[in-house]
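Here is the structure we will look at, set down as C-alpha cells.
The values are calculated or read from the model by the stated rules, or taken from the named source; none is laboratory data. The model shown is predicted, which means the values in this text are computed figures rather than measured ones. Note that we place each Cβ from the backbone using ideal geometry, even for glycine, and neighbour counts take in every protein chain shown.
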Amino acid sequence: MYAAGIEAFLAIIQTQNLRKAAELLNLTQATVSYRLKVLEQEMGAILVERNKGIQKIALTPFGENFVVIAERWLALKCDIEKLQASGPQLSLFIGGSNSLNTYVLPPLYQALVQHSPKIQLKFRTQHSVELWDTLERREIDVAFVKMERTVPNIEVEPFFVDEAVLIRPKVHESGELQPIHPTELNLEDEIYFNWGPAFEMWHDRWWNPLRPTYIPVDNAGLIFSLMQDSRRWSVVPMSIANSFVKSGQFKIQKLLDSPPERVCYKITHKHSRPAAMKSLAILNQYMADLFKP
C-alpha cells in the first residue's frame, strides 16, 4: 500500500484543508494532491471530494470507511519501523530449582540482566523433576537442576559441585568448630532437607529411615526460619551455608564421613528454538567465567 499517500490522506483529515496538510507534512500543496491522487488510483475509488471554492474538505463514503483502515495501517507501519530500529531481539526462558535460583545462580542472572544488547529474560522455579519435563516439552530454553537423568533429546552438563557441610546457630564461643561425626548428632534436632538420592542414602546409613524424628522441610529458606534453638542443625550444600553465615547468626561445621558432593547440572534441549541460540551462547560465556572448574 502507498505509504506516502496514506500519510497525506490522514494529514488532510487532521487539518481539514489541503494547504494546511501540506504545511503539516512540510510539502507543497501540489505534492500532497499528487500523493492523494496516486492513493486513490491504487484504491480504485475517490477518497476526498474536490470542489472549487470550498476550503474545507469532505470525504466520500468510501473515504469515510477507509479512515479507520488507514489509521490502523499507519500504526502498524510505525510498530514495524520501531522493531527494525531495535535490531534482532534476544530472549531466554530459564528454569531452575529453588535452591539453585536463590543461592547459586544470582551472579549469573545479574550478568544476564546487565548484558548489552538487552536480553528479554523469563524465569521459572520448579522442582528438578518438573524442570526435566518442562524442558522436554520445550517450554523453557535451559534449566538448572540437582539431578541427572537420561533423556534422548536433552543434553546434560555438570556446571557446579557443592560440598555438604553442617550448619548450626552461632553460639558465644569464638573460632572454628571442630569437625563432627554423624554419630555425635541428635536426629531430633535436625532440620532435614532431602538434597537428592545420594544424600538420602548417606543419611539412611547413619539414622533409621523408618523412625524419623527430625523436622522435614521442602524449601531451603525454611531451614533459616526454623533453626532458632542452639541445638538445631542441618546438612546443607556449602553455597547455602555461606549465605546463612553472612547473616551472622550461623556457623559452618565440617562433617567427618560427610555426604557425597552435590552435583548441579545445566540441561538444554538438543533442538532448541533458533531464536534462543544466540542467548544460550551468551549464557555459556558467562557460565564459563563464573563457574570455572
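A few points about this structure:
- Residue tally, condition over 47 Å from the mean Cα position of the chain (by Cα) and either under 16 Å from Trp73 (Cα atoms) or outside any helix (DSSP H, G or I) (or both), over the range 3-35: 4
- Enumeration of residues in the range 218-248 that are under 22 Å from Glu184 (Cα atoms) and exposed (fewer than 15 other Cβ atoms within 10 Å of the Cβ): Leu226, Gln228, Asp229, Ser230, Arg231
- Matching residues in the range 198-211 - criterion: being surrounded by 14 or more Cβ atoms within 10 Å (Cβ to Cβ) and not in a helix (DSSP H, G or I): Trp207
- Scanning the range 170-192 for residues that are outside any helix (DSSP H, G or I) and modelled with pLDDT of 90 or more yields Pro179, Ile180, His181, Leu185, Asn186, Glu190, Ile191, Tyr192.
- Members of the range 236-293 found to be under 14 Å from Ile94 (Cβ atoms) and among the β-branched types (Val, Ile, Thr), listed by number: Ile267, Thr268, Ile282
- So Trp195, is it aromatic (Phe, Trp, Tyr) and either touching a Pro at 6+ places or on another chain (Cβ under 6 Å) or farther than 16 Å from Phe244 by Cβ (or both): no
- Qualifying residue in the range 68-91 (condition: β-branched (Val, Ile, Thr), out of contact with any Lys or Arg (no Cβ under 7 Å at 6 or more places or on another chain) and either assigned by TED's automatic domain parsing to the domain that holds His115 or modelled with pLDDT of 85 or more (or both)): yes
- Residue in the range 207-225 that is among the hydroxyl-bearing types (Ser, Thr, Tyr) and touching a residue at least 40 places away in the same chain (Cβ under 8 Å) present: no
- Checking Ala111 against (1) in contact (Cβ under 8 Å) with a residue 24 or more places away in the chain; (2) among the hydrophobic types (A, V, I, L, M, F, W, C); (3) surrounded by fewer than 15 Cβ atoms within 10 Å (Cβ to Cβ), the condition it does not meet: (3)
- Among the residues listed as Leu105, Leu121, Leu185, Leu166, the single one being touching a residue at least 60 places away in the same chain (Cβ under 8 Å) and of a type outside the set (Val, Ile, Thr): Leu166
- The residues of the range 24-51 that are surrounded by 15 or more Cβ atoms within 10 Å (Cβ to Cβ) and among the charged types (D, E, K, R), listed by number, are Arg35, Lys37, Glu40.
- Single unsatisfied condition, Arg273 versus (1) at pLDDT below 90; (2) charged (D, E, K, R); (3) not assigned by TED's automatic domain parsing to the domain that holds Thr134: (3)
- Extreme residue, nearest to Ser243 (Cα to Cα), among residues of the range 171-192 that are in contact with a strand residue (DSSP E or B) (Cβ under 7 Å, 6 or more places away or on another chain) and loosely packed, with under 15 Cβ neighbours inside 10 Å: Leu177
- Some residue of the range 281-288 being within 30 Å of Met201 (Cβ to Cβ) and part of a helix (DSSP H, G or I): yes
- Leading residue by the ranking (nearest to Asn153 (Cα to Cα)) among those in the range 229-282 that are without any contact (Cβ under 8 Å) to a residue 24 or more places away in the chain and small (Gly, Ala, Ser): Ala281
- Enumeration of residues in the range 106-139 that are under 10 Å from the mean Cα position of the chain (by Cα), within 25 Å of Ser243 (Cβ to Cβ) and of a type in the set (A, V, I, L, M): Leu112, Val113, Leu121
- Test for Trp195: is it surrounded by 14 or more Cβ atoms within 10 Å (Cβ to Cβ) and either among the charged types (D, E, K, R) or not in a helix (DSSP H, G or I) (or both): yes
- Any pair with Cβ under 6 angstrom, 6 or more apart, that starts in the range 146-162 at a residue that is within 11 Å of Thr268 (Cβ to Cβ) and ends at one that is in a strand (DSSP E or B) and hydroxyl-bearing (Ser, Thr, Tyr): Glu155/Thr268; Val156/Tyr265
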